[in-house]
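First comes the structure, then the notes that go with it.
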Amino acid sequence: MKNSFTVKARFIPYTLRFKFEAGTSRGVLTQKQNYLVECRYGNFSGCKGYGEAGPLAGLSVDDIPDFGVHLNHLLQSLEGIRFSIQPEELLLQVKEKVPSQFPSMRFALETALLDLIHGGKRRIVPNDFYDKGKPIPINGLVWMGEREDMWKQIEEKLAAGFDCIKIKIGAIDFDQECDLLGRIRGQFPLTDISIRVDANGAFSPDEAMGKLQRLASYEIHSIEQPIRQGNVAQMARLCAESPVPIALDEELIGIISLADKIKLLETIRPQFIILKPTLLGGLLSTKEWIGTAGELGIDWWITSALEGNIGLNAVAQFTATYANGLPQGLGTGQLYHNNISSPLTISNGTLSYGEQSEWGDIAGLFS
């Protein structure tokens, strides 16, 4: 291969169907509209790389009705551009080419091109997850629902070997949610099970501190986004005073420049940030968040954003390039009836890239 190459690119819509009604504070999800991107060399070589764009409804910057039109225009505009075979240079080229208002498109193109230059074998970056089968510890996600349904999910996660569970709260009565947490702590001490909760901004600024104080009695590891994003002064106060460590999630969405990332974290000073490359503008942007957080002594973990297995694989491999011992949020690939089959396997609270199964026929979907 020369030092640069041209590409032919196309996409197809791909609707993922949930196995159950997935409850969040923003409503119940039954399906997820994603878009698969295919890149091949301009000389029509048989090698192909794949990426996945999946804006989250009501949350992503690029949650727009004509998403497919913009994606098609972007991919057609790649004709004749010479991309570098050097990954870092390639990521910079994608950043320059894809406008910041299309973060999931940028992520999809980044990962499709990285897959392509690494041989079209779903290897995105050099990493021990793909190359050596090293597992990544992950949290077990408990979706919102009726109290007993949530307890059933909790029991299933614990039985499956998870020692860190994440519970979405804010949809049912707070007393019932506290009752669930009490039931967990009554059976499993902090040394056995770590509990994360995700409020998705469900608390009002006035009530947040009282609820955080109550949650502290259950020895919570952290709470994600207790109040809605955009309330910077109130969030900074909560992070300074809360007895429960706070993780920013939605707060990071739409923050584009490195200077603005630094300003946000310096102002709020959270204990953690949660990174979703699909929502944040891809791998290069996520790297900037990690670097900024590290300079400020802020810890982090990476979470998938309801991607299918193509996107999840890319996020997991990127995560594996960092020495971060915290459980990551990478278990959403098993949510769907029609996910593309892959070597990704969840076992005993970890995600692995196994050798016992192969990728499904992705190319066939484009036929």
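The values are calculated or read from the model by the stated rules, or taken from the named source; none is laboratory data. Predicted model, so just to flag it, every value in this text is computed and none were measured. Note that each Cβ is placed from the backbone with ideal geometry, even for glycine, and that neighbours are counted across all protein chains shown.
Quick check on my filter: what residues within the range 187-220 are of a type outside the set (Gly, Ala, Ser) and out of contact with any strand residue (DSSP E or B) (no Cβ under 8 Å at 6 or more places or on another chain)?
From the range 187-220, those of a type outside the set (Gly, Ala, Ser) are 187-193, 195-198, 200, 203, 205-207, 209, 211-215, 218-220; that's our starting set.
Selection gives Gln187, Phe188, Pro189, Leu190, Thr191, Asp192, Asp206, Glu207, Met209, Gln213, Arg214.
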Report task. For the range 331-344, indicate whether the set of residues that are β-branched (Val, Ile, Thr), touching a residue at least 60 places away in the same chain (Cβ under 8 Å) and over 25 Å from Leu275 (Cβ atoms) is non-empty. Result -> no
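State all residues of the range 342-354 that are part of a loop (DSSP other than H, G, I, E, B), on the phi < 0 side of the Ramachandran plot and buried (at least 18 other Cβ atoms within 10 Å of the Cβ); if no residue qualifies, say none. First the steps, then the outcome.
Initially, the range 342-354 is screened for residues part of a loop (DSSP other than H, G, I, E, B), giving 342-343, 348-349, 354.
Still in the list and also on the phi < 0 side of the Ramachandran plot: 342-343, 354.
Selection gives Ser342 alone.
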**Report entry** Any chance Leu252 is over 19 Å from Ser222 (Cα atoms) and not acidic (Asp, Glu)
**Finding:** no
Query raised in the report: Got a sec? Which of Glu88, Glu110, Glu79 is modelled with pLDDT under 95 and among the acidic types (Asp, Glu)?
Result: Glu79
**Report entry** Per-region count, the range 55-76, residues more than 17 Å from the chain's Cα centre (by Cα), within 19 Å of Gly281 (Cα to Cα) and among the polar types (S, T, N, Q)
**Finding:** 1
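Taking the residues in the range 279-313 that are over 10 Å from the mean Cα position of the chain (by Cα) and of a type in the set (Gly, Ala, Ser) as candidates, determine which candidate is farthest from Arg269 (Cα to Cα). Before the answer, list the steps.
Initial filter on the range 279-313 (over 10 Å from the mean Cα position of the chain (by Cα)): 281-300, 308-310, 313.
Still in the list and also of a type in the set (Gly, Ala, Ser): 281-282, 285, 291, 293-294, 297, 308.
Details: Gly281: 22, Gly282: 23, Ser285: 19, Gly291: 15, Ala293: 9, Gly294: 12, Gly297: 9, Gly308: 32 Å.
Across the range 279-313, the extreme among qualifying residues is Gly308.
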Report task. Working only within the range 294-341, note down all residues that are part of a loop (DSSP other than H, G, I, E, B) and either among the hydroxyl-bearing types (Ser, Thr, Tyr) or assigned by TED's automatic domain parsing to the domain that holds Leu91 (or both). Result -> Ser304, Thr321, Tyr322, Ser341
Query - Top-ranked residue of the range 172-218 - restricted to ones that are exposed (fewer than 15 other Cβ atoms within 10 Å of the Cβ) and among the acidic types (Asp, Glu), ranked as modelled with the lowest pLDDT - result: Asp173
Query raised in the report: Residue check: is Pro55 touching a residue at least 40 places away in the same chain (Cβ under 8 Å), assigned to a loop (DSSP other than H, G, I, E, B) and not acidic (Asp, Glu)?
Result: yes
Query raised in the report: Filtering the range 167-224 down to residues that are among the aromatic types (Phe, Trp, Tyr) and out of contact with any Pro (no Cβ under 6 Å at 6 or more places or on another chain), which residue is farthest from Lys157 (Cα to Cα)?
Result: Phe174
Query raised in the report: From Leu279, Leu264, Leu258, which residue is without any contact (Cβ under 8 Å) to a residue 40 or more places away in the chain and buried (at least 18 other Cβ atoms within 10 Å of the Cβ)?
Result: Leu264
Query raised in the report: Taking only pairs six or more apart or across chains, which ones have beta-carbon atoms under 6 Å, a first residue in the range 312-326 that is more than 12 Å from Pro135 (Cα to Cα), and a second residue that is in a helix (DSSP H, G or I)?
Result: Leu312/Gly333; Ala314/Thr111; Val315/Pro277; Phe318/Leu283
Requested in this report: Look at the range 58-69 and say how many of its residues are touching a residue at least 12 places away in the same chain (Cβ under 8 Å) and either among the hydroxyl-bearing types (Ser, Thr, Tyr) or loosely packed, with under 15 Cβ neighbours inside 10 Å (or both).
Outcome: 2
Report task. Give the residues of the range 156-171 that are under 18 Å from Leu335 (Cα atoms), of a type in the set (D, E, K, R) and at pLDDT 90 or above, sorted by residue number. Result -> Glu156, Lys157, Lys166
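For the range 38-54, check the following and say yes or no: at least one residue is more than 18 Å from the chain's Cα centre (by Cα), hydroxyl-bearing (Ser, Thr, Tyr) and crowded, with 18+ Cβ neighbours inside 10 Å. Quick ask: steps written out before the conclusion?
If we filter the range 38-54 for residues that are more than 18 Å from the chain's Cα centre (by Cα), which is where we start, we get 38-49.
The next check asks that each one be hydroxyl-bearing (Ser, Thr, Tyr); those that pass are 41, 45.
Adding the requirement that they be crowded, with 18+ Cβ neighbours inside 10 Å leaves 41.
Taking every residue of the range 38-54 in turn, at least one turns out to be more than 18 Å from the chain's Cα centre (by Cα), hydroxyl-bearing (Ser, Thr, Tyr) and crowded, with 18+ Cβ neighbours inside 10 Å.
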